Amino acid sequence: MAEVRLTVKAHVNPTESEEKLGKAITNLFGDASLRRGKEHGVTYIVLEAEGIGSLHQLRQRIASDRIRDATRAMLTRWAAKTEKVTFHLNRQAAYANHVSIYHASKSPLGPIEVEIEGPPEEIIECLTGKAKN
């Protein structure tokens with residue numbers, strides 16, 4: 001597997017708890033360190049990690065939610081011809097420890113933005129492939 005760099009970012013709405021948003025992110029990506037940032041007056045929670053291991057917990061959630069095939073189809077369709085895979089996760093589903101991938105315009109709270117740098121085919125296979133014995 002080629003090198004992988006994961007960036008997860010979500011803006012904190014004024015009525016939202018930073019702790020709950022942080023929990024939503026760590027539910028799907030593990031206990032990596034979160035940091036708080038500000039851009040143009042908007043507060044963000046950001047998680048950055050490197051290595052294929054950073055995708056392990058998301059892969060497990062995709063498998064346990066039984067959405068491997070649907071996730072593979074969406075990510076394959078959305079994958080750009082660049083060296084990264086970008087998608088959005090529903091923050092309410094993430095807080096409940098489930099994966100819900102969607103287009104950003106469909107959530108009133110806004111998405112958890114996920115960007116995974118690396119070869120798209122390998123990333124998609126890692127997240128949605130069946131475990132090899």
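Do we find that V8 is surrounded by 19 or more Cβ atoms within 10 Å (Cβ to Cβ), modelled with pLDDT of 95 or more and part of a loop (DSSP other than H, G, I, E, B) in this structure? No; evaluated as a whole, the condition is false for this residue.
Out of T82, T86, T76, one residue alone is surrounded by fewer than 18 Cβ atoms within 10 Å (Cβ to Cβ), at pLDDT below 95, in contact with a helix residue (DSSP H, G or I) (Cβ under 7 Å, 6 or more places away or on another chain) and not basic (K, R). It is T76.
Pairs linking a residue in the stretch 26-38 that is touching a residue at least 40 places away in the same chain (Cβ under 8 Å) to a residue that is assigned to a loop (DSSP other than H, G, I, E, B) and surrounded by fewer than 17 Cβ atoms within 10 Å (Cβ to Cβ), with Cβ atoms under 6 Å and 6 or more positions apart or on different chains, are N27/N97.
When the stretch 24-44 is filtered for residues that are under 17 Å from N90 (Cα atoms) and either among the polar types (S, T, N, Q) or more than 13 Å from the chain's Cα centre (by Cα) (or both), the ones remaining, listed by number, are T26, N27, Y44.
Is the stretch 106-117 home to any residue that is of a type in the set (D, E), under 17 Å from A2 (Cβ atoms) and surrounded by 15 or more Cβ atoms within 10 Å (Cβ to Cβ)? The answer is yes; a qualifying residue exists.
Among the residues of the stretch 11-23, the one identified as of a type in the set (V, I, T) and either crowded, with 18+ Cβ neighbours inside 10 Å or closer than 13 Å to Q92 by Cα (or both) is V12. Taking residues in the stretch 1-23 that are within 29 Å of E125 (Cβ to Cβ), and partners anywhere that are surrounded by 13 or more Cβ atoms within 10 Å (Cβ to Cβ) and among the polar types (S, T, N, Q), the pairs with Cβ atoms closer than 7 Å and at least 6 places apart or on different chains are V4/S54; L6/S54.
The values are calculated or read from the model by the stated rules, or taken from the named source; none is laboratory data. Here the structure is a predicted model, which means the values were calculated and not measured. We place every Cβ from the backbone using ideal geometry, glycine too, and count neighbours over all the protein chains shown.
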